[in-house]
Amino acid sequence: MTTSTEDVEAVHDRDSELCLTIPSRLAAIEPVCEQIRGLLGRRHLEDVEFAVEILARECLNNAILHGNRGVANARVNVGMRIGRKLICLRVTDQGPGFDWRRTIRHGLPADTAVEGRGLMVASIYARRIAFNRQGNQVTLWINTAKEGR
Amino acid sequence: MSSYRTEHTDDGCRLMVNGGLTVVLVPELQQALKAEVEKGTQQVIFDLAETRMVDSSGIGLLIAASNTLAQKNGKLLVVNTAPEILRLMQSMRLISRLNISGRLAAEPSHE
């Protein structure tokens, strides 16, 4: 099933902010990433485009595959705000949430593990990661200046 | 839209991913890899020359492929990796595990 751009509802889109609501389908991720790249390009932030996009993808993957699983006609809200030094990305699903404290306590996956690397990827690129109490919303902050790695 | 194509050589098979090695493409690639392993392919090369993005699902696929091929005395190689993806793989300590190499720099021109 493909998702047309009509399914991506833009609540508002200014030069420093993006706010979208999308259906809970993996095919809806690509149009979101296109909009994110577009906004970063307009702000001349191509240097951090990879970091922001991969973080958005990880959050959206989790929201769709895990967060909204079993929720009929669920939607995902995506917000991005560009500040002077930080980009703030927030993804919210309509599911019951998950025990993020337990996931963090569990630690890194084994070398041969196939799953469970989403948080690891996020920790590489995000300056800070925060979950709401319920566990159905994640907020990340990314430096606008590309860090040497 | 991400896609892939397959080439078969005497050494094995080469999977060339266009766009993103991400969650949307992973199920198709899983099936393709399963078919290759079942017919006895010993070496699988993921050619990322046209790949601009990966996510943890794509990375998981590479790890799974590496695990499966190793069990059958086969080998996974990941070649022509874009600099950003290479840096990610370095941060995740997967370079040697997955036999990952970057893109060759263009030959300097000589007058």
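By a straight-distance test (C-alpha under 25 Å), which lysines pair with B:LYS34 as possible cross-link partners, with residues fewer than eight away in the same chain excluded?
Within the straight-line cut-off, B:LYS34 pairs with B:LYS72, B:LYS75.
Can you send over the carbon and sulfur percentage of the accessible area for the protein assembly as shown, probe radius 1.4 Å, protein chains only?
On the way: 6640 of 13930 Å².
The C+S portion of the solvent-accessible surface of the protein assembly as shown is 48 percent.
Just to be sure I understand the interface: list residues from region B:1-41 that lose 10 Å² or more of accessible area between the chain on its own and the complete protein assembly, 1.4 Å probe.
When all protein chains are present, B:MET1, B:THR22, B:VAL23, B:VAL24 each give up 10 Å² or more of accessible surface.
I want to check the label-to-label distance for A:THR103 and A:ALA145. Put each point 7 Å from Cα in the C-beta direction and report it in nm to one decimal.
3.1
For region A:48-89, what is the charge dipole size about the Cα centre, in debye to the nearest 20, if Lys and Arg each add +1 at the Cβ and Asp and Glu each add -1 at the Cβ?
Details: 6 positive and 3 negative charges, 38 e Å.
In total the dipole reaches around 180 debye.
Hey, got the dipole for the protein assembly as shown? About the Cα centre, +1 on K and R Cβ, -1 on D and E Cβ, debye to the nearest 20? Intermediate results must be reported in sequence, preceding the final value.
Values: 32 positive and 30 negative charges, 246 e Å.
Its charge dipole is roughly 1180 debye.
Counting DSSP beta bridges with both partners in the protein assembly as shown, what percentage is antiparallel, nearest 5?
On the way: 35 of 49 bridges.
Approximately 70 percent, going by the DSSP bridge assignments.
Relative to the Cα centre, what is the charge dipole magnitude of region B:42-111, using +1 at the beta carbon of each Lys and Arg, -1 at the beta carbon of each Asp and Glu, and rounding to the nearest 20 debye?
Numbers: 7 positive and 6 negative charges, 88 e Å.
Using Cβ point charges on Lys, Arg, Asp and Glu, region B:42-111 gives about 420 debye.
State the answer as a single residue: which of B:THR81, B:ALA64, B:MET16 lies farthest towards the positive end of the charge dipole of chain B, with beta carbon charges of +1 for Lys and Arg and -1 for Asp and Glu, about the Cα centre.
So the residue we want is B:ALA64.
In straight Cα distance, which lysines are under 25 Å from A:LYS85, not counting same-chain residues fewer than 8 positions off?
A:LYS146
What Kirkwood Rh does region A:18-149 have if only Cα atoms enter the pairwise 1/r average? Answer in Å. Don't skip to the answer; put the middle values down first.
Details: mean 1/r = 0.0660 Å⁻¹.
Computed over region A:18-149, the radius equals 15.2 Å.
Just by accessible area at a 1.4 angstrom probe, what is the order of B:GLU38, A:GLU58, A:GLU49, B:GLU28 from largest to smallest?
Working: B:GLU38 135, A:GLU58 10, A:GLU49 45, B:GLU28 105 Å².
Order by accessible area, largest first: B:GLU38, B:GLU28, A:GLU49, A:GLU58.
Debye calculation, C-alpha points only, no solvent: report log10 I(q)/I(0) for the protein assembly as shown at q = 0.12 Å⁻¹, in the same order as the q values.
Those come out to -0.75, one per q.
For region B:6-22, what does the Karplus curve 6.51 cos²θ - 1.76 cosθ + 1.60, with θ = phi - 60°, yield as ³J(HN,Hα) per residue in whole Hz, taken in order and with x for Gly and Pro?
Result, ordered by residue: 10, 10, 10, 10, 5, 7, x, 9, 10, 9, 9, 9, 10, x, x, 8, 10 Hz.
Only helical DSSP H runs with n ≥ 4 go in: add -39500 (n - 2.57) per run for the protein assembly as shown, normalise by residue count and round the 222 nm mean residue ellipticity to 500 deg cm²/dmol. Numbers along the way, then the final one.
Working: 7 runs with 81 residues, N = 260.
Mean residue ellipticity, 222 nm, calculated: -9500 deg cm²/dmol.
Roll a 1.4 Å probe over the protein heavy atoms and report the accessible area of A:TYR125 in Å², nearest 10.
20
The values are calculated or read from the model by the stated rules, or taken from the named source; none is laboratory data. Source: prediction; values computed, not measured. Heads up, the Cβs are rebuilt from the backbone with ideal geometry, glycines too, and the neighbour counts pull from every protein chain shown. Protein only, heavy atoms only, side chains kept; ligands, DNA and RNA dropped before computing areas. Shrake-Rupley method; radii C 1.70, N 1.55, O 1.52, S 1.80 Å.
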